[in-house]
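What follows is a short report on a single structure.
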Amino acid sequence: EPEVTQTPSHQVTQMGQEVILRCVPISNHLYFYWYRQILGQKVEFLVSFYNNEISEKSEIFDDQFSVERPDGSNFTLKIRSTKLEDSAMYFCASSKLNAGTGGNTIYFGEGSWLTVV
Amino acid sequence: DQQVKQNSPSLSVQEGRISILNCDYTNSMFDYFLWYKKYPAEGPTFLISISSIKDKNEDGRFTVFLNKSAKHLSLHIVPSQPGDSAVYFCAAIIQGAQKLVFGQGTRLTINP
């Protein structure tokens, strides 16, 4: 079964450093997402991306965050200047159709665990 | 933001019995609901979904029931197997929107 892959699986970074999390969505999918889960909390939506632009973002996704699809296969999340509270598991996801389309499935990657020290 | 709530943080069921996981929502605009299963250090895996025009959807051992008037859905797993032990997340979305809203999750443990 096709899958969403993410790298790195775990990254430790110093506060204030820039981090790039990478994702390879499923190849025929058109919609891409980032979610995160702070330890012990809910999975939270960060951003959705379609047709080379952000289609929706949450209040968490402030100016410190950016996303990019630099080529035909990768989808990246950049955090410009990390804070302690950015420590979380970050999940990339993709889907063939718009997330809210009935019958559509959103596939998640295994996550990148970010620890900011 | 408590739009989707799973009030039971954990549930323990004997192997072979039925597991029932519950989920409540407050936003009446939600019209598509999904259940995901998550093992430690892995991403959520899609299990089953239901549209608001239905009240039941079945896939093998998994059945999801939706009660729109009560804003409540449940996931039934029967018979429960040890491999079903995981955290189960309920999620909801407004059709046409981009954002899945997740519940807090329920940790299901299947005892042999």
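Would a scan of region B:6-21 turn up a residue that is under 14 Å from the mean Cα position of the chain (by Cα), without any contact (Cβ under 8 Å) to a residue 40 or more places away in the chain and under 30 Å from A:T7 (Cβ atoms)?
no
Which residue is farthest from B:I53 (Cα to Cα), if the candidates are limited to region A:67-114 and must be hydrophobic (A, V, I, L, M, F, W, C) and not in a strand (DSSP E or B)? Give the derivation first.
Filtering region A:67-114 for residues hydrophobic (A, V, I, L, M, F, W, C) gives A:67, A:75, A:77, A:79, A:84, A:88-89, A:91-93, A:97, A:99, A:106, A:108, A:113-114.
Applying the additional criterion that residues be not in a strand (DSSP E or B) yields A:84, A:97, A:99, A:106.
Details: A:L84: 43, A:L97: 19, A:A99: 17, A:I106: 20 Å.
It comes out as A:L84.
Name the single residue, out of those in region B:15-30 being surrounded by fewer than 19 Cβ atoms within 10 Å (Cβ to Cβ) and closer than 15 Å to B:F65 by Cα, that is nearest to the other protein chains (Cβ to nearest Cβ).
B:D24
All but one of (1) touching a Gly at 6+ places or on another chain (Cβ under 6 Å); (2) not in a strand (DSSP E or B) hold for A:I26; state the number of the condition that does not hold.
Every condition holds for A:I26 apart from (1).
Based on this model, can you work out whether B:A92 counts as within 22 Å of A:Q41 (Cβ to Cβ) and in a loop (DSSP other than H, G, I, E, B)?
Details: within 22 Å of A:Q41 (Cβ to Cβ): yes; in a loop (DSSP other than H, G, I, E, B): no.
No; evaluated as a whole, the condition is false for this residue.
List every residue pair whose Cβ atoms sit under 6 Å apart, with the two residues 6 or more apart in sequence or on different chains, where the first one lies in region B:92-112 and is over 28 Å from A:L97 (Cβ atoms) and the second, anywhere, is buried (at least 16 other Cβ atoms within 10 Å of the Cβ) and among the charged types (D, E, K, R).
B:I110/B:D84
Can A:I54 be described as out of contact with any Pro (no Cβ under 7 Å at 6 or more places or on another chain), aliphatic (A, V, I, L, M), more than 13 Å from chain B (Cβ to nearest Cβ) and not in a loop (DSSP other than H, G, I, E, B)?
No.
Identify all residues within region B:79-108 that are away from chain A (no Cβ under 14 Å), out of contact with any Gly (no Cβ under 9 Å at 6 or more places or on another chain) and surrounded by 15 or more Cβ atoms within 10 Å (Cβ to Cβ); write none if there are none. Outline the logic, then answer.
In the first step, residues of region B:79-108 are kept if they are away from chain A (no Cβ under 14 Å); the result is B:79-85, B:108.
Remaining after also requiring out of contact with any Gly (no Cβ under 9 Å at 6 or more places or on another chain): B:82-85, B:108.
Within region B:79-108, B:D84, B:S85, B:L108 qualify.
Just the residues that are of a type outside the set (A, V, I, L, M), closer than 22 Å to B:V101 by Cα and in contact with a strand residue (DSSP E or B) (Cβ under 6 Å, 6 or more places away or on another chain), please, taken from region A:7-43.
Matches in region A:7-43: A:C23, A:P25, A:H29, A:Y31, A:F32, A:Y33, A:W34, A:Y35, A:R36, A:Q37, A:K42.
No value in this document is a laboratory result; all are computed from the given coordinates. Since this is a predicted model, take the numbers as computed values, not measurements. Cβ atoms come from the backbone with ideal geometry, glycine included; neighbour counts cover every protein chain shown.
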